[in-house]
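In what follows, a single structure is set out as structure tokens and then discussed.
Computed from the coordinates by the stated procedures, all read-outs in this text should not be read as laboratory data. Quantities reported herein were computed from a predicted structural model and do not represent experimental measurements. Virtual Cβ from ideal backbone geometry, glycine too; neighbours counted across all protein chains shown.
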Amino acid sequence: MIRQRAAMEILNREFLEIRCKVLELAAAFDRLERGSGGFDDDPRWRKVGEAIDVLRDDRGDRAERVQLIFSRPYAPQWRDEFALDRPE
Amino acid sequence: MYYFDPHIHMVSRTTDDYETLAKMGCVAMSEPAFWAGFDRGSVESFRDYFRQLTDFEPRRAAQYGVQHYTWLCINAKEAENVSLSREVIAMIPEFLDKPNVLGIGEIGLNKNTRNESRVFLEHLDLAARFRQQILIHTPHLEDKYQGTRMILDMLIGDSRIERSRVLVDHVEEHTVRTVLEEGFWAGMTLYPVTKCTPQRAADIIETYGPERLMVNSAGDWGPSKPTAVPDFILEMRRRGHPESLIRKIVYDNPLEFFSQSASFRFTAPELRGHS
């Protein structure tokens, strides 16, 4: 069984890194806003918004759920679509 | 701490890197065949590349006391050229008896296309016919989840494939669970931006435990860090994890996995110099 550290121990060690990452995001968003032209309709930007919503909820597995937001969907019937079992 | 780097592309690195890795405790490494940064034009290019992997690199590594192993294939990025892929697959058996060849790899998908899938299946057939271990490349970024699931479908669909002899590499938070649940080994690649950081790899170990998990640098000609495995070791130590747990991930697990290959002849550093 792997020892899990106390949450306060983790926060003490990682607070400055978390603060730094939040600031980097804030500055990047400001940079985007200063740029000319719009980007609100860009699907990548919408995914960034969805990912940030995940950070703020309390459902756990955030890293996995953020990864899935930025992933193409998997369709179990892909083999039929590719007709891999048929001769060339 | 002694460690293995189970996935690193030393043909793209300098001899200085061998020296640095040796100083940091790297005692063995495995080098899968991969993309050169451009599409090669003929089967002879691959024959020369495989000579480099099976002859030149092990000698270069040995100068620093590092034991070098390798895997052979045509990379998924070049699989759109199906006829060349088939020529390469037909030529690979010439090299399977070389003393440092562990198996077929890194085979996989890149953009999850039909041709990539077809060439992947033909690599699987080669591995099964010659009873070779397999090292799998899973795609990058938005293609990873879909591609990993497709790869698992193909592996599971071939009853000749022994899951305990397959390493599925570049897993991240959204792919590791399925790979482990299906009975395969999983590798986490410590890349600066596009894959897993040492911190996230340590998180995955804390979540899933150390069984059938490894970490690697996948150091190559692009942005990558050949000393990433020691970064992971340091992160685990900073979190207070015991040396035995860290050693299991960076030394015992690769040793256990590679030992399934008939060609694997590893001498532990403690035993060197003893007859």
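Take each residue in B:109-122, count the other chain C-beta atoms within 10 Å of its C-beta, and the mean is 2. Mean partner shielding of peptide A:68-80, defined as the number of other chain Cβ atoms within 10 Å of each residue Cβ, is 5.
For segment B:156-170, backbone phi angles converted through the Karplus equation (6.51, -1.76, 1.60; θ = phi - 60°) give residue-by-residue couplings of 5, x, 10, 5, 7, 7, 8, 4, 6, 10, 10, 10, 9, 9, 6 Hz, Gly and Pro being listed as x.
Sequence-distant contacts, meaning Cα pairs under 8 Å at least 6 residues apart, place the relative contact order of segment B:114-199 at 25 percent.
Charged neighbours of B:R163, selected by a Cβ distance under 13 Å, balance to -1 (K, R count +1; D, E count -1). Toward the positive end of the charge dipole of chain B, with +1 on the Cβ of Lys and Arg and -1 on the Cβ of Asp and Glu, the farthest Cα among B:I134, B:L102, B:L72 is that of B:L102. Per residue, the convex hull spanned by the Cα atoms of segment B:45-130 amounts to 87 cubic angstrom. Across the options B:H7, B:F257, B:V43, the greatest Cα extent toward the positive end of the charge dipole of segment B:3-263 (unit charges at beta carbon of Lys, Arg, Asp, Glu) belongs to B:F257. Only Cα pairs within less than 10 Å get springs; with that Gaussian network setup on chain B, which residue of B:I151, B:I205, B:I134 has the largest fluctuation? Most flexible of the set in this elastic network: B:I205. Relative contact order of segment B:1-69, taken over Cα pairs closer than 8 Å and 6 or more residues apart, is 41 percent. Computed about its Cα centre, the charge dipole of segment B:59-136 is approximately 160 debye, with only Lys, Arg, Asp and Glu carrying charge at their Cβ.
A simple charge model with +1 on the Cβ of Lys and Arg, -1 on the Cβ of Asp and Glu and nothing else charged puts the dipole of chain B at about 320 debye relative to its Cα centre. Taking amide H positions as modeled 1.01 Å from N, with prolines and chain starts lacking one, the residues under 5 Å from B:Y69 and 5 or more places away or on another chain are B:M29, B:S30, B:E31. Once the C-beta distance of B:D158 and B:N81 is scaled by a Förster radius of 22 Å, the resulting FRET efficiency is 0.40 to the nearest 0.05. Taking chain A on its own, what percent of its Cα-Cα pair distances exceed 18 Å? Result: 68 percent of Cα pairs exceed 18 Å. Neighbour counts of C-beta atoms inside 10 Å place B:L109, A:L84 in the sequence A:L84, B:L109, starting with the fewest. If you run the Gaussian network model on chain B, springs between alpha carbon atoms under 10 Å, then out of B:P223, B:P58, B:P32 the most flexible one is B:P223. For chain A, build the charge dipole from Cβ charges (+1 Lys, Arg; -1 Asp, Glu) around the Cα centre, then report which of A:L11, A:L23, A:I52 sits farthest towards its positive end. Value: A:L11. Here the Gaussian network model covers chain A, with springs between Cα atoms less than 10 Å apart; of A:L11, A:L68, A:L23, A:L11 fluctuates the most. Using C-alpha pairs under 8 Å with a sequence gap of at least 6, the mean separation divided by the residue count of segment B:3-263 gives a relative contact order of 19 percent.
Note on the protein assembly as shown: with charges restricted to the Cβ of Lys and Arg (+1) and Asp and Glu (-1), its dipole about the Cα centre is near 660 debye. Counted by Cβ distance under 14 Å from A:N12, the other residues give a net charge of +2, where Lys and Arg count +1 and Asp and Glu count -1.
Cβ-to-Cβ counts within 10 Å put B:T113, B:T138, B:T15, B:T175 in ascending order as B:T15, B:T113, B:T175, B:T138, the fewest first. Other residues lying with their Cβ under 12 Å from the Cβ of B:A36 contribute a combined charge of -2, Lys and Arg counting +1, Asp and Glu -1. Mean residue ellipticity, 222 nm, helices only, the protein assembly as shown: the sum of -39500 (n - 2.57) across DSSP H runs of n ≥ 4, divided by residue count and rounded to 500, is -13000 deg cm²/dmol. The chymotrypsin sites (Phe, Trp or Tyr not before Pro) of segment B:5-86 that meet both conditions, a loop assignment by DSSP and at most 12 other Cβ atoms within 10 Å of the site Cβ, are B:F38.
Here the protein assembly as shown is described by how far its Cα atoms reach on the three principal axes: 57, 56, 39 Å, from widest to narrowest. Residues of segment B:218-239 with an amide N closer than 14 Å to a point placed 7 Å from the Cα of A:N12 along the Cα-to-Cβ direction: B:239.
Here B:D169, B:D5, B:D231 are placed in order of increasing Cβ neighbour count within 10 Å, fewest first, which gives B:D231, B:D169, B:D5.
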